[in-house]
Amino acid sequence: MRHDGAMASPVIDLDELVPIVGAENVLRDPEVLAGYAIDWTRRVQGAPSAVVRPGSTAEVAAVLAWADARTLAVVPQGGNTGLVGGAIASAGQLCLQLTRLDALEPVDVLSAQVTVGAGVTLDALQLAARRVGLRFPVDLAARSAATVGGMVATNAGGLHVIRHGPMRAQVVGIEAVLANGTVIGDLRGLLKDNTGYHFPSLLCGSEGTLAVITRVRVQLVAPDAEQAVALLAFDSADDALAAAAALRHALADVSAIELVLADGVDLVCRSFELAPPFDPPAAVLLLVEASGPAGVLERFAAAVASLTGVLDAKVADDAERSAVLWRYRERHTEAIALLGVTHKLDVTLPLRRLAGFLSEVRALIERERPEASLWLFGHAGDGNVHVNITGVAADDEEIDGQVLELVARSGGSISAEHGIGRTKRAFLHLNRTDGEIATMRAIKHALDRNGTLSPGVLLP
Ligand code: 2HG
Ligand code: ZN
């Protein structure tokens, strides 16, 4: 078994993995493998030779050392909720499935930190924090399956980046295994430690290409006393974005500003039999969440009342009614998935270019792929738009390129929070110079001499 032009490799006997992880954790039945071999978008189909499920850092190290010595490629995978194919092993590669690394240490209340295995789900981490009266501030719709290791590897963003930053901002310690089996990092959680290169920074967003993350220590925050959510209706994206800026100036409590459009909300309502939020339907909707010290609802209501351009509003201040409003935003991904293979282009624009981009990308798709449907939604507070295209061929990379070129020309990023993975690596040059890509390659080579980890991911 060879990968990416490697020299002739020794014969590979997957039975040699059995003493390392146990027979029940070397999966080879094609029917079982199928579930690990395709990503959420159904666009990236892999064909791993086996799925290996280590149960400890030592087992990860032993599997990697074994594979590295045989130049057998290994692709780490967490909850398989990624949207760019970064966790999908191609033919002849091993899928290193990490959900058995699910140990959750007791929360260290003194430092408000907790150490968790890479396979712990976001849900489980949030629950552990809540149990001791704290909060883990990163949140995203795939919380029940997305794992902490995968979220660090992709530097996941989610709903609260405007207040708390992405995953990178929460990580205070990391343990990872290099391709040759060397374990690096520490989990002491020291906020001040200037002893050279900072491995958490290097590994956040490295998408499995530099090391396999096995444990992570994260910072928790104090919960907010109160929370309120509003769904606001507008005629245009310009009006909505002006209101979003005004709200952020007026109110320190804003913790999420999400944008959805009439057609997406209609699709969500039809797909899940939800009552439409507004009658008549609004062209553009903002879902705004405010959380902070007592009195949030009053401050929020006053700030909303002072906005211009709001056609209609729905406000909720309890968990149940807030969840009802959130559904119109959070269920977009699921509703779009029902339409079939989806091209997902997760991009950020400078806020001043965001409204213009929404109309320009629509004009581009109408011109270039009139048969396609375009779904636009995202995190308006940080300029992150999820451009979803359905009704085009799975392998239509040309249309991806055209959208991403528009993003780059507009001063944006071709990957806001999902990563580059397999689906965007051919476009990395739109955002990174040759010198930068060469630097990334040099780092990759220094840490993974044989190219064992995730070949075909991230680097062109
Ligand atoms: C979200 O914000 C996720 O809901 C998924 O990042 C986005 O499905 C998508 O394109
Ligand atoms: Zn998102």
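Listing for the model above:
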read-out: Unique match (being under 12 Å from the mean Cα position of the chain (by Cα), not in a loop (DSSP other than H, G, I, E, B) and not polar (S, T, N, Q)) among Gly150, Gly85, Gly173, Gly79; value: Gly150
read-out: Pairs where the first residue, in segment 135-164, is more than 20 Å from Ala112 (Cα to Cα) and the second is open to solvent by less than 10 Å² (accessible area, probe 1.4 Å) and near ligand 1 (Cβ under 10 Å from one of its atoms), C-beta under 6 Å, 6+ apart; value: Leu140/Gly158
read-out: Every residue from segment 122-150 that is open to solvent by 10 Å² or more (accessible area, probe 1.4 Å) and within 16 Å of ligand 1 (Cβ to nearest atom); value: Asp123, Asp139, Leu140, Ala141, Ala142, Arg143, Ser144, Ala145, Gly150
read-out: Within segment 18-72, helices (runs of 4 or more DSSP H) holding 3 or more residues that are assigned by TED's automatic domain parsing to the domain that holds Gly150 and not β-branched (Val, Ile, Thr); value: none
read-out: Residues satisfying the stated conditions in segment 133-147, i.e. hydrophobic (A, V, I, L, M, F, W, C) and either within 12 Å of ligand 2 (Cβ to nearest atom) or not in a loop (DSSP other than H, G, I, E, B) (or both); value: Val138, Leu140, Ala141, Ala142, Ala146
read-out: Residue in segment 189-200 that is at pLDDT 95 or above, in a helix (DSSP H, G or I) and not β-branched (Val, Ile, Thr) present; value: yes
read-out: Single residue of Val268, Val260 found to be hydrophobic (A, V, I, L, M, F, W, C) and part of a helix (DSSP H, G or I); value: Val268
read-out: Residues of segment 352-361 that turn out to be in contact with a helix residue (DSSP H, G or I) (Cβ under 8 Å, 6 or more places away or on another chain) and within 11 Å of Val385 (Cβ to Cβ), as a count; value: 5
read-out: For Ile437: the one exception among (1) crowded, with 23+ Cβ neighbours inside 10 Å; (2) in a helix (DSSP H, G or I); value: (1)
read-out: Given (1) open to solvent by 50 Å² or more (accessible area, probe 1.4 Å); (2) over 25 Å from Ala146 (Cβ atoms); (3) in contact (Cβ under 8 Å) with a residue 60 or more places away in the chain, index of the condition Asp108 fails; value: (2)
read-out: The listed residue being within 16 Å of ligand 2 (Cβ to nearest atom), open to solvent by 20 Å² or more (accessible area, probe 1.4 Å) and farther than 25 Å from Val407 by Cα, out of Arg299, Arg321, Arg327; value: Arg327
read-out: Test for Thr99: is it outside any loop (DSSP other than H, G, I, E, B), within 30 Å of Pro223 (Cβ to Cβ) and under 23 Å from the mean Cα position of the chain (by Cα); value: no
read-out: Flag if Ser415 is away from ligand 1 (no atom under 16 Å from the Cβ) and under 28 Å from Val138 (Cβ atoms); value: no
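Every residue, every condition in (1) assigned by TED's automatic domain parsing to the domain that holds Glu258; (2) surrounded by fewer than 22 Cβ atoms within 10 Å (Cβ to Cβ); (3) away from ligand 2 (no atom under 16 Å from the Cβ); (4) not acidic (Asp, Glu), yes or no:
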{"site": "Pro350", "(1), (2), (3), (4)": "no, yes, yes, yes"}
{"site": "Ala355", "(1), (2), (3), (4)": "no, yes, yes, yes"}
{"site": "Glu360", "(1), (2), (3), (4)": "no, yes, yes, no"}
{"site": "Glu366", "(1), (2), (3), (4)": "no, yes, yes, no"}
{"site": "Asp400", "(1), (2), (3), (4)": "no, yes, yes, no"}
{"site": "Val407", "(1), (2), (3), (4)": "no, no, no, yes"}
{"site": "Gly412", "(1), (2), (3), (4)": "no, no, no, yes"}
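The values are calculated or read from the model by the stated rules, or taken from the named source; none is laboratory data. Quick caveat: nothing in here was measured; it's all calculated off a predicted structure. We place every Cβ from the backbone using ideal geometry, glycine too, and count neighbours over all the protein chains shown. When the accessible area is computed, the model is the full protein with side chains, heavy atoms only, and any ligands, DNA or RNA have been set aside. Shrake-Rupley method; radii C 1.70, N 1.55, O 1.52, S 1.80 Å.
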